[in-house]
Amino acid sequence: MSTTNARSGVGMSPVTAAVGVELTQRKYPKRRGKWYRPSTLIGKVLLWASVIGLTWVFMYPFIWLISASLKPRGDVFNNQIIPDTIQWSNYLEVWERLPLLAWTSNSVIIAVLAAGLVTVSSSLVAFGFAYFRFPGRNIIFGVVLATMMLPGAVTMVPVYLIWNELGFVGTTVPLWGMNLFGSAFYIFLQRQFLLGLPREIFEAARVDGVGYMGLFWRIAFPLSIPSFIIVFIFEFQASWNNLQAPLIYLNFGSVDQFTVPLGISYSMTLFSPTAGGQGDYQYVMVAALLVTLPMLIIFAFAQRYFIEGLATQARKG
C-alpha cells in the first residue's frame with residue numbers, strides 16, 4: 001500500500017486521491033485576502049477614496065479653525081477654507097487683546113499637578129489591590145468601581161461645599177486637589193496592568209529585604225511605565241479641556257487666573273456684539289488654535305508608550 005503524500009495524489013487511486021485532497025483542503029483552507037486589502041484596481045480606488053473622505057471629515061473642523069484664525073473680522077464665519085485675505089497679524093495681536101500667556105501658564109500648572117497627583121495616588125491604590133491578599137479585597141474593589149456609576153452632578157454640590165468650607169473657592173487648589181485621592185477608572189486600569197507582572201519578582205525582592213514601598217518604586221513603577229504614561233496623558237487632556245470645574249471655582253477671581261477653556265469662553269462673551277464687543281472672533285480662533293498645540297505635541301512624543309500600553313492591555317484581555 002502506497003504511503004505517498006495525499007496532497008499530490010501520486011501512488012493512489014483516483015478515489016483515494018480525491019478524498020485526500022478534500023480532507024487536505026479542509027485542514028489547510030485556502031487563505032483569503034483581508035477585506036481591507038482589496039486586490040482589484042476598483043477596490044483599491046474605493047478604499048483610498050473612503051480613507052481620504054473620512055480623513056477630510058475628521059480634519060475639517062481643525063482646517064476650518066486654521067483658516068478662520070487667518071481671516072479678517074468680517075470673514076471669520078464665511079466657511080471659506082482658503083481666505084481671500086490672509087491676516088497674519090492676528091497671531092501677534094491676540095497676545096495684546098487677551099491674557100493668553102497667563103491662561104496657558106495656569107492650565108499647564110494645573111494639568112501637570114492634576115495628572116501627576118492622580119497618577120501616583122491611583123497607582124498606589126492599584127498596587128495595593130494587585131499585590132496584597134486580604135479579606136474583602138474584591139468587595140472593596142467593587143465599591144471603588146461602583147463610584148464610577150455616580151454622575152458628576154450628584155457630587156458637585158457636596159464637593160463645592162467642602163472646598164468652600166476649607167476656603168479654597170476662587171483658587172486653583174480644587175482643580176488639582178481632588179486628584180490626591182485617585183480615580184476609580186485609573187485604579188482599575190493600572191490594577192489590571194500590575195496583575196500581569198510576575199508575582200515571583202516581588203517575592204524575590206521581599207526575600208532580599210525590600211519594603212512594600214520599595215516594591216512599588218523599584219519594581220512595579222519601572223515595569224509599568226506605559227500604564228503610567230497612559231494615565232498621565234488621559235488626565236492631562238481631561239484637565240486641559242475641563243471647563244466646568246474652572247467655571248465653578250475660578251469664576252470669582254480675576255481674569256488672569258482663568259484657565260484656557262474658561263478664558264476662551266470669557267473671550268467669546270468679551271467680543272460678542274451683544275455684550276458691547278466688536279465681533280473680533282478671529283482672536284478667539286487664534287487662541288483656540290494655539291492652545292491645541294500642547295496636546296498635539298504631548299501625543300507626538302508619548303504615542304509610542306501610549307500605543308504600547310493599549311496593546312499590552314489588549315493582549316491581556
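Readers should treat all values here as calculations from the given coordinates under stated rules, not as data from a laboratory. Because the structure is predicted, anything quoted here is derived from the model rather than measured. With ideal geometry, Cβ positions are generated from the backbone for all residues, glycine too; neighbour counts draw on all protein chains shown.
Placing R0 at 45 angstrom, the Cβ-Cβ distance between E165 and F301 gives a FRET efficiency of 0.65 after rounding to 0.05.
List the trypsin sites (Lys or Arg not before Pro) within the range 54-139 that DSSP assigns to loop and that have no more than 12 neighbouring Cβ atoms inside 10 Å. Sparse-neighbourhood loop trypsin sites (Lys or Arg not before Pro): R133. Principal semi-axes of the equivalent ellipsoid, √(5λ) from the alpha carbon gyration tensor of the range 181-251, are 34, 12, 9 Å from largest down. Computed from backbone phi, the HN-Hα couplings of the range 92-97 come to 9, 6, 4, 6, 8, 7 Hz, rounded to whole numbers (Karplus: 6.51 cos²θ - 1.76 cosθ + 1.60, θ = phi - 60°; Gly and Pro given as x). Ordered by the count of other Cβ atoms within 10 Å of each Cβ, fewest first, F181, F216, F236 give F181, F216, F236.
Once the C-beta distance of R199 and L290 is scaled by a Förster radius of 45 Å, the resulting FRET efficiency is 0.40 to the nearest 0.05. Taking other C-beta atoms within 10 angstrom as a stand-in for reagent exposure, V284, V260 fall in the order V284, V260, fewest first. Legend: ranking of residues F185, F232, F132, F77 from fewest to most surrounding C-beta atoms inside 10 Å; resulting order F132, F77, F185, F232. Note: the range 57-197, Cα convex hull, 204 Å³ per residue. Here the Debye sum runs over all C-alpha atoms of the range 46-93 as equal scatterers in vacuum, and log10 of I(q)/I(0) at q = 0.15, 0.19, 0.24, 0.29 Å⁻¹ comes out as -0.47, -0.63, -0.81, -1.00.
Taking only C-alpha pairs under 8 Å that are 6+ residues apart, what is the relative contact order of the range 95-316 in percent? Once normalised by length, the contact order is 33 percent. The listed peptides 293-302, 193-202, 240-249, 143-152, ordered by packing as a protection proxy, come out as 240-249, 193-202, 293-302, 143-152 (highest mean of other Cβ atoms within 10 Å first).
The alpha carbon radius of gyration of the range 95-316, expressed as a multiple of 2.2 N^0.38 Å, is 1.21.
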